[in-house]
Structures are given as C-alpha cells and as structure tokens.
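S.K.: Quick one: the structure is below, questions incoming.
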Amino acid sequence: MISYLKKNFYLRNILFIFIYLSITTSSVYSVPCGSFISDLNRKWEFSEAWQFRKGDNLDWKELQVEETFWIQRNIPDYGISKTENISGYHWYRCKIILPENFAAPIQPLGIQFGKIRDIDEVYLNGSLIGKTGSLLPNLDPDFHRERIYSIPTNLLLPGENVISVRIYAVGKQQGLKTIPTIYNEAELIQKQFSSESIAIGFGYIFILMGIYFLTGAFIRGLRAENTFFGLFSISIGLYTLVRTQYRYEIFQTFQGSYIFELMILVPLPALFINFLIFHLNSKRNIFVIALEVFLGILFVTIPFIKTLSGWTLIIAAFNYALPVVFGIVVYYIVSNFKANFAKLRFILIGLIGLFPTIIIDSLTALEILSLEGTIYFGFFFFLLLISVQLSEEMVSSLEKYIAMESELIQMEKIKTGFLLNISNEFKTGIEKIALVVGKLNQTKKLNKSEKPASQVLDSQLRNTISMIDEAILLSNIEEGNYKIHHSHITVSEIIMDCIQLSEQRLDQKRKNLHVTIHPSDANVETDPVLFRAISRNLIENAFLYTDKSVRIDVDFELKDHQYILTISDEGLGMNHFEQENLFKKFIRGAKDNIIPGAGIGLTLVNASTNLLGGTLKVKSAEGMGSIFVITIPTESSSHSKEVITSPKKLNKKKVKS
C-alpha cells in the first residue's frame, strides 16, 4: 500500500511539473484585436476581430476612424471571395491596448504578416513602418515575400494603438494568409529562415547531383542521358532555391525572380522526357516534338510577360500540358518495359512518388491548395532513385572499360612482342646487308658519281639499324629488362653524331641550327645508350616537324650535379590534344601521315628519361614552336669554358675559348 502511494505521489509530481512547464514555456499568446497586451517581450498572435473595409482612404491609417462601414474578419482571410470582387484596395485594422506605464521591450520588436496579395503598406498609429511592392510609377506586385516589418518603440502609445494594413490586390486573390504576430524581430527572422532551410538544403543537393552527372557525361564522352539528367537536376535545384526567400538574395525585384522561376519550370518536362528517351535508346515521336514546340513557345514568351494575369495564364497552360507529359512518359515506359526493365525499375518507383507532389505543387502555385514544400521531398526521392540507377550503370560501364583496357594492354604486349621478334629478324638481315655494302666499298674503288649513292645507302642502313635498336630498347625498358650501365661520355661527340645522322637521313643541311654546350668539353657519367636515344629522337623530331629555314637550338648545360638538354624550335608547335598524346606509343599528330617515323620516338625519350631519374618538360603552342627540356642527375662531370659554334666546327673539334 505504501509503495502504491509512493508511486502515485511520484506520478502526480511528474504530471504537475509537466503541466507547469507546458504553461510557463508556452511562448505564443493568441488574442483577438482590442486585447490588453501586458508584456511586449512575449509572442502575441492576433487572429480574430480584425476590422475590414474595401476601398481606399489614407485617413484610415490614423488612430481614430469612423467604424460604421467596417466589418469584422478573422485571420487567415485569404483566397477568392465568392460574394464580392476584392481586387483593388482594401484595408485591415487591429487595435491593441498597452498599459499606461508599459515597459519598452528588451529586444527590438517586429510584426510578421507572412505573404500578402499583392502590394501592401503597414502603418502603426498613422506612421508607415513597412511596405512591399508598388503601384506607381510601374505596377510591381510581390506575393511571395514574407513580410516582417520593424516596430519602432517610439511609435507605441500607452492605451490604444492601431495597426493598419493597406493592401492592393492585382487579381482575384486577396487578403492576409498568415496570422499576424508581434515578437522579437530577430527571432521572427530566424524562424522564417529555419522554416526554409530544408528547401534551401534540398536545392543545393539537387544542383550538386546535376553537376556530378554532367561531369560524368563529359568524362564518358558526352552521354546524352547523363547530360539531360544533369540539366534536369540542376534546374530542379534552381527552381527549389528560387521558390524560397533566397530569391531576394539573387534578384533585386520580385518580377525578375518570378520570370526566372517560370523559365526554369517550363523546360523541366522536356528535359526529363529526353533523358528517358536516351536512357532507353528510343526515338522521339511526333508527340514529343509537339510538346517541345509548345513548351518552347511558352519559354520564349515568358520574358515579355510582366503582368500577374499573364503569369497565371502561363502556369495554367503549363498545367494543361502535364497530362500530355504523363501520357508520353507512360508510353515510353510501357513500350520499353520488357526490353529495359532493368533500366526502369528505379525510375518507376521514383515516378510513383514524384507525380503526386507535382500536382500538389501546381495547385499550390495556383493557390488552390496550401501545401508548400511537398515537391522538395518528391524530387529528392525521385532524383535519388535515378541517381542510383545511373550510378549502377556508370559502375558497370567503368568495369567494362577497365576490362577492355586490360585486354588492350595485353594485346599491346602481344603486338610489341611480335614486332620485337620481327625487328630482331629484320635487324639481322639489315646488318648482313650493311656488312656486304661495307666490303664492296672497301674492295671496289668508287667513282665520284657512285660515292653519294653509297653514302646515302650507308646512312639509311645505319638509321634503320638504329630504329630497330631503339624499338628493342623501348621494349626492354617497358618490360623492366634493361639494366643501366654508366660510363663517361663526351657530350659533343654524341650530339654531333645525332645531328649528322639526321641530316644525312632526311637530306637536310640546316643553316639555322645553333648548338651550345657548356662546358665545351663536357664529359658526364651516364648511360650512353639512353643518352643517345634521347638526343637522337629529340633532334630528329625538330628536323622532321620544322621547315629547313626555321631556327633550331640544341643546348646542353652542366649545373648543380645535373645535366640539362634543351631542344627548341620556332616551328608550328602543337595543340592541346597533340600534347596530351605526345608520349603514347603509335599515336602520332594530324600531320604525321606524311612524315616518316614509327611513332615510338618520344615514348622512348620519356621512358629513358624516367629510367635515368630525370624529368621531361614540354612547352608548346600552335604557331609558337616547341621546347623540350630534359633534366637528369649525374654524379661526376668535367668542366671547361663555354663554346657556341656550328655543328661542322664541333665535328672537327675546333673549340673557341
């Protein structure tokens, strides 16, 4: 029995505390107009006993007016009146009574009216405290802004005070939609922002989703389905943001923001239908084209419409098109259901959740319903499911791409091995031919006419053997079979040999070729095979891709335990695409089909440089020439004075000091 009493005692105390807290923490006091307001630090709502009168007289803002023709109305008082035409001016008035010795509020006061159709002015005791929209010089209605106006404390009077609201309704909609509230102004603004934070968050999420899929579309080669879905998602995000008070952060006037809102809304069905068509690999039919023409006409008309009646007509026409959109979507889904069920399963679920929210939102825009915010959840659900669908396909495509890339790598290895085998056989034959030619030259005395031909033959044989050696070298580097062998080399001898080999092979005697070696007798410790491969290919490339009259510079410098080889020319240069594929095997520029070569020279240069622990930098632009800079570390070097001379003088080892 004692335990029962104790239990009930605790229950009674808990109930008492709960009721006490509910009463004391209740922050809203809802009273009719004409009520006594004891404390301005509390939150007061005035929903009943507002005075209303149609017409306009600026004397109605004053504290005392003749009340014979005024009628009482309760708030919300909003919509289309069935008994009278309320368009034009109408007034609302509400009296509040303050104590004779009322205390000023701790925080600045504000009064919140929510959204008002369409233009309003608010007065306190005859003084204007806020207005939205204008009638003159140009009609500028604003039925979207949440009205929160400051209440200057110095305008408040002991005893009776009057809040007067002068409204001008452009269309048939009229009245006050939200119960007017007097409270701490900062709290009212914060509450308004908080009420729209979900919508703003959804807006940014939709935009980021759209950017993600647009980026994916570009990376994967402008896939139409990803492009249309990305544009659709970004448009939904912008539409969501502009439906909040955030619109006033972007646009200076309501008119501009509302035109933008309609221009975002109208193309949405066309973007989604095109996404669906490309997603299902279908074709656009006559109904789709007709719908796009209709929506296109609406779209181009919107910027020229500046009246509320015109905007209402656009929204109505758009709503009439929605059943057609629904029919087209159903047609494509049904006709492709069996063949593309895997592509449709998430879209179907998303559409089931989306279409009811679209209807609700359209009816809300026409102010038939008042259920704002449902569209955000509908589109989030819909876009999320489509994102899952497209992400699965992107992952599947990526896996296929990786598999294809692996196959291509394997095929390239087989191709490289095959070419290597042929190269070895071909090299053996060429070497035998070169041996025979050499013996003939030794045993037979050549006359003057035969010597040039013999020299050309000898040069071509040397170049062919060199190309084969380089192909084998590249294969060994790629397979990891090449071992670096350092030895001391004389830089000028290798560079001059590469220049002369290029001149003989290409039959070019360059007069505008400048060679600078610093120091002149530079001797470095490096791999001679790799250094020769780098020098030969860069020098020959400069010869191949420039006119004979174009200047070519070959510069070598020893500096800070590294050597720098720079080959530059003033030729045609390379575009961005050519530079991206510069070091890929067997890929050559657009002009390369008329220029001799195997397409592995720069690949070998890059591989050799990396193997030596160096770096390769390229600077080029179309019409601006090209610069190749090779930087490779070295452990030992010998130094002398710099020399700037011609290839011929270097070959004869005449050095200027």
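S.K.: Could you please state how large a percent of the accessible area of the range 314-384 is carbon and sulfur, counting protein chains only and using a 1.4 Å probe?
M.R.: Details: 2790 of 3570 Å².
Its accessible area is 78 percent carbon and sulfur atoms.
S.K.: Further, regarding this structure: Taking the Cα-to-Cβ direction at residue 293 and at residue 160 and moving 7 Å from each Cα, how far apart do the two end points lie in nm?
M.R.: With each label placed 7 Å out from Cα toward Cβ, I get 6.7 nm.
S.K.: When the chain is fully extended, how far beyond the present Cα-Cα distance does residue 136 get from residue 403, taking 0.36 nm per residue of separation?
M.R.: 89.2 nm
S.K.: Right, another one. If you rank 234, 106 by how much accessible surface each has, with a 1.4 Å probe, what is the order from largest down? Mind dumping the intermediate values first?
M.R.: Working: 234 35, 106 135 Å².
So the residues, ranked largest to smallest area, are 106, 234.
S.K.: Ignoring any ligand, DNA or RNA, what whole percent of the accessible area of the range 85-222 comes from carbon and sulfur when the probe is 1.4 angstrom?
M.R.: It is 61 percent, rounded to a whole number.
S.K.: Express in nm, to one decimal, how much length is gained between residue 349 and residue 549 on full extension, taking 0.36 nm for each residue of separation and deducting their alpha carbon distance.
M.R.: Values: separation 200, 0.36 × 200 = 72.00 nm, distance 6.94 nm.
The span from residue 349 to residue 549 would gain 65.1 nm if fully extended.
S.K.: If you don't mind, there's one more thing I want to ask. Over 27 Å between Cα atoms, which of 61/191; 559/584; 172/306; 343/400; 177/306; 400/483 qualify? If you can, show how the numbers build up before the last one.
M.R.: Values: 61/191 29 Å; 559/584 30 Å; 172/306 17 Å; 343/400 17 Å; 177/306 24 Å; 400/483 36 Å.
The answer is 61/191; 559/584; 400/483.
S.K.: On to the next question. What number comes out for accessible area per residue over the range 206-339 if the probe is 1.4 Å? Units Å², please. Provide the component values of the computation, followed by the final result.
M.R.: Numbers: 6310 Å² over 134 residues.
I get 47 Å² per residue for this part.
S.K.: Between residue 481 and residue 507, take the C-beta separation as r, use R0 = 30 Å, and let me know the FRET efficiency to the nearest 0.05.
M.R.: On the way: r = 36 Å, r/R0 = 1.19.
E between residue 481 and residue 507, to the nearest 0.05, is 0.25.
S.K.: Then there is this: Enumerate the residues in the range 92-130 having an amide nitrogen under 16 Å from the point lying 7 Å beyond the Cα of residue 306 toward its Cβ.
M.R.: Answer for this model: none.
S.K.: Can you pull the Kirkwood radius for the range 491-536, inverse mean 1/r over Cα pairs, to one decimal in Å?
M.R.: Details: mean 1/r = 0.0859 Å⁻¹.
Evaluated on the range 491-536, it is 11.6 Å.
S.K.: Related question: Once you order the gyration tensor axes a ≥ b ≥ c over the Cα atoms, which shape class does the range 248-297 get: rounded for a/c under 1.5, otherwise prolate or oblate by comparing a/b with b/c?
M.R.: Values: a/c = 6.96, a/b = 2.42, b/c = 2.87.
Judged from the Cα gyration tensor, the range 248-297 comes out oblate (a/c at least 1.5, b/c at or above a/b).
S.K.: Moving on to the next point. Would you please give the FRET efficiency between residue 190 and residue 337, computed as 1/(1 + (r/R0)^6) with r the Cβ-Cβ distance and R0 = 51 Å, to the nearest 0.05?
M.R.: Numbers: r = 50 Å, r/R0 = 0.97.
The pair residue 190/residue 337 has a calculated efficiency of 0.55.
S.K.: What number comes out for accessible area per residue over the range 478-553 if the probe is 1.4 Å? Units Å², please. Mind dumping the intermediate values first?
M.R.: Details: 3320 Å² over 76 residues.
Heavy-atom accessible area per residue stands at 44 Å².
S.K.: While we're looking at this one, here's another question. By its C-alpha gyration tensor, with a ≥ b ≥ c as the square roots of the eigenvalues, how is the range 457-565 shaped: rounded for a/c under 1.5, else prolate for a/b larger than b/c, else oblate? Provide the component values of the computation, followed by the final result.
M.R.: Values: a/c = 1.99, a/b = 1.11, b/c = 1.79.
Taking the square roots of the gyration eigenvalues as a ≥ b ≥ c, the range 457-565 is oblate.
S.K.: Here is a follow-up. Subtract the Cα-Cα distance of residue 618 and residue 317 from 0.36 nm times their separation in residues, and report this length gain in nm to one decimal. Can you show the working numbers first?
M.R.: Numbers: separation 301, 0.36 × 301 = 108.36 nm, distance 5.88 nm.
Here the answer is 102.5 nm.
S.K.: With each pseudo-label sitting 7 Å past Cα toward Cβ, what's the residue 324-residue 580 distance in nm, one decimal?
M.R.: Result: 4.0 nm between the two label points.
S.K.: Something else about it: Cα centroids of the range 182-219 and the range 488-507: how far apart, whole angstrom?
M.R.: The distance from the Cα centre of the range 182-219 to that of the range 488-507 comes to 67 Å.
S.K.: Using the Cα centre as the reference, give the magnitude of the dipole from point charges on the C-beta atoms of the range 200-326 (Lys, Arg: +1; Asp, Glu: -1; all else neutral), rounded to the nearest 20 debye.
M.R.: On the way: 7 positive and 4 negative charges, 33 e Å.
Magnitude of the dipole: close to 160 debye.
S.K.: Here is a follow-up. Carbon and sulfur: what percent of the range 234-302's accessible surface (1.4 Å probe)?
M.R.: Values: 1970 of 2870 Å².
C and S fraction of accessible area: 68 percent.
S.K.: Starting from the 7 Å offset along Cα-to-Cβ, what nm value, one decimal, do you get for the label separation of residue 611 and residue 250?
M.R.: With each label placed 7 Å out from Cα toward Cβ, I get 5.8 nm.
S.K.: To continue, here is another question. So what is the relative contact order for the range 191-234, in percent, with contacts set as C-alpha pairs under 8 Å and at least six apart? Let's see the in-between values first.
M.R.: Details: 31 pairs, mean separation 18.3, N = 44.
Once divided by the residue count of the range 191-234, the mean separation gives 42 percent.
The values are calculated or read from the model by the stated rules, or taken from the named source; none is laboratory data. What you see is a predicted model, and the numbers here were worked out from it, not measured in a lab. Cβ: placed from backbone, ideal geometry, glycine included. Neighbour counts: every protein chain shown. Accessible surface areas use protein heavy atoms only, side chains included; no ligands, DNA or RNA. Shrake-Rupley method; radii C 1.70, N 1.55, O 1.52, S 1.80 Å.
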